[in-house]
Structures are given as C-alpha cells and as structure tokens.
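The values are calculated or read from the model by the stated rules, or taken from the named source; none is laboratory data. Predicted, not measured: the structure shown is a model, and the values here were computed from it. All Cβ positions, glycine included, derive from the backbone under ideal geometry; neighbour counts span all protein chains shown. Only protein heavy atoms, including side chains, enter the accessible area calculation; ligands, DNA and RNA are left aside. Shrake-Rupley method; radii C 1.70, N 1.55, O 1.52, S 1.80 Å.
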Amino acid sequence: MSFIKITEQDSLYNDLERKSVRELLEDINTEDQKVALAVRRTIPKIEELVLQIVPRMQQGGRIFYLGAGTSGRLGVLDASEIPPTFGMPPTLIIGLIAGGDTALRNPVENAEDDEERGWQELLEYQVNTKDTVIGIAASGTTPYVIGALRKAREQGILTASISSNPDSPMAMEADVSIEMIVGPEFVTGSSRMKSGTGQKMILNMISTSVMIRLGRVKGNRMVNMQLTNQKLIDRGTRMVAEELGLPYNQSRHLLLMYGSVQAAVEAYRKE
C-alpha cells in the first residue's frame, strides 16, 4: 500500500508575501474551515478508541500521549488540562514529548529520531495492558512515536495514532488509526497549522468524552473542577446553589468545605 505524504504537498496558495494582511487572514480561515469536516470524518475511529479506553481506565488504566514538536506539545497540553477541568490526578493522562520538558519551549536536536526513547519513557511509568498509548504525528513518520507504538502493541497494550497522512508508518503500528486528512498546509509543510488544529480538536474529543463516561461531568457542568481561583470558586458556588436551592453564602461554605461541587452536593444530601 503506497504512502502519500499530503502534509508535505505544496500549498494551494502562492506568492504569500505579496498578499495583504486581509487576504492572508481570509485564506488561512478558508483552509481552517476544512479542519472540522476532516475531523468529523474520523468520528467512527474516535468512537472505537474511546469505547476501548473507558473500561481500561475504570480498571485503573491510563492514557499516554506521545509526540514530537507541535504534536507533542498538544498532547502535553491536553493532559495538563485534565486535573483542573475534571479534578482527576495528573497521573491518569500523561503527555510525553520527544526531548522532554525542554522541548515544550525549544527544539531539541534529533530527539524525535530516536526510535527507542519513547518506549523507554513509557517503561519508566511501568506501562501495562490496562493503559492506552496514543501516538500523535502529522506526518505519521516520527521514529520516537513509531518505536513506542510498536513495542506497546507487542506487549498487548492498546495503541492508537493521530495523523494527517493516509496509511502512514505510524498508523501501521496502531490498533486504532485516526487519519485526519486536512490537505496541504497554507504555508507548505507547516503542520502546526491545520494539522495542529485538528489534533487539538481530536484530543479534546477523546479526553472530554472519556471523562464524561467516567462520571466527571453532571448535566453539562464541570462538577469536579479544581477550585484554583476566585472565578472558579464563584462558578462552583453558583452550581451548588442552583442544584440544592441554597443561598449563595451557604453554598460557598459547602463548596470550600468539601472541595468540589459534586462532593458538596452529595454531602449535603446525606445530612
């Protein structure tokens, strides 16, 4: 099966330096509108993945995101947003990036070319068959990710891939391959653009739907969010007040006493 590297194809636009700012913005926006449709076409695969992740996490499993460059940063970003949004410990969804934390802000030379390093990092977390390993790479050719997926799959660990090219080497190592074909980038080869936007959307879909299925949302509310600032305390207070029909000050007292909306509501109802 042939491998087509759409992410490296020439942009549909030429002479970008001659365009006005308005033209640049409108053309970028035109391309961005293609992303949501490309992501929509992957929903059956995302569903397949989520349905396999949830029972694993109910048994104590974790999700590991692996990527390099923009893809790695987006995985770390999604993982880092789970504790404050859903009140889960930071050990349940973990983002690993080629080159380590230094690579979050600076390029690390040759880090993504080490085919062994990703698996070595997973072993440091004692990865096991309850876990899920998700590789993220627009090109689908990143050795750091491919090597980790291959080893994980050999060990019976659920693997998935998110890429922007069809039939990539990375997809060949995944039990569930999510191929989001967004077409050539506005700036040729700049996969931080449409590919990155689509990756962020898919990661949001995976983690949010998993957290909802694990009971971390009630109705449409973040009832387990961390109370890390006054805005969130106020939001949580209003949730408690609305749910229990109590005055604001009493609701705030309950919220701060129990630490989350869900815990405050459950404790009050048991009294």
Which one of these is crowded, with 19+ Cβ neighbours inside 10 Å, touching a residue at least 24 places away in the same chain (Cβ under 8 Å) and not hydroxyl-bearing (Ser, Thr, Tyr): Glu31, Glu48?
-> Glu31
Just one of Pro84, Pro55 is open to solvent by 10 Å² or more (accessible area, probe 1.4 Å), in a helix (DSSP H, G or I), under 24 Å from Gly215 (Cβ atoms) and touching a residue at least 60 places away in the same chain (Cβ under 8 Å); which is it?
-> Pro84
Of (1) surrounded by fewer than 16 Cβ atoms within 10 Å (Cβ to Cβ); (2) among the charged types (D, E, K, R); (3) closer than 27 Å to Leu158 by Cβ, Asp78 satisfies all except one. Which?
-> (1)
Can you tell me which of Lys130, Lys151 is assigned to a loop (DSSP other than H, G, I, E, B), of a type in the set (D, E, K, R) and open to solvent by 20 Å² or more (accessible area, probe 1.4 Å)?
-> Lys130
Across the stretch 201-229, what is the total count of residues that are part of a helix (DSSP H, G or I) and open to solvent by less than 50 Å² (accessible area, probe 1.4 Å)?
-> 7
Filtering the stretch 95-127 down to residues that are assigned to a helix (DSSP H, G or I) and open to solvent by less than 30 Å² (accessible area, probe 1.4 Å), which residue is modelled with the lowest pLDDT?
-> Ala111
Quickly run through the stretch 152-169 and pick out the residues that are over 17 Å from Ile63 (Cβ atoms) and over 17 Å from the mean Cα position of the chain (by Cα).
-> Glu154, Asn165, Pro166, Asp167, Ser168, Pro169
Failed item in (1) out of contact with any Asp or Glu (no Cβ under 8 Å at 6 or more places or on another chain); (2) in a helix (DSSP H, G or I); (3) over 30 Å from Glu48 (Cα atoms), with Leu246 passing the rest | (2)
With respect to Ile136, determine if the residue is in contact (Cβ under 8 Å) with a residue 12 or more places away in the chain and either in contact with a Phe, Trp or Tyr (Cβ under 8 Å, 6 or more places away or on another chain) or surrounded by fewer than 20 Cβ atoms within 10 Å (Cβ to Cβ) (or both).
-> yes
Leu92 vs (1) modelled with pLDDT under 95; (2) open to solvent by less than 70 Å² (accessible area, probe 1.4 Å): all pass except (1)
If Leu24 passes every condition in (1) out of contact with any Phe, Trp or Tyr (no Cβ under 9 Å at 6 or more places or on another chain); (2) at pLDDT 95 or above; (3) over 30 Å from Asn224 (Cβ atoms) but one, which one does it miss?
-> (1)
Subset of the stretch 59-69 (residues that are open to solvent by 10 Å² or more (accessible area, probe 1.4 Å) and touching a helix residue (DSSP H, G or I) at 6+ places or on another chain (Cβ under 9 Å)) | Arg62, Ala68, Gly69
Here are some conditions: (1) hydrophobic (A, V, I, L, M, F, W, C); (2) over 29 Å from the mean Cα position of the chain (by Cα); (3) within 17 Å of Met88 (Cα to Cα). Ala263 meets all but one. Which one does it not meet?
-> (2)
By residue number, the members of the stretch 181-200 that are open to solvent by less than 50 Å² (accessible area, probe 1.4 Å) and of a type in the set (A, V, I, L, M, F, W, C) are Val182, Phe186, Met193
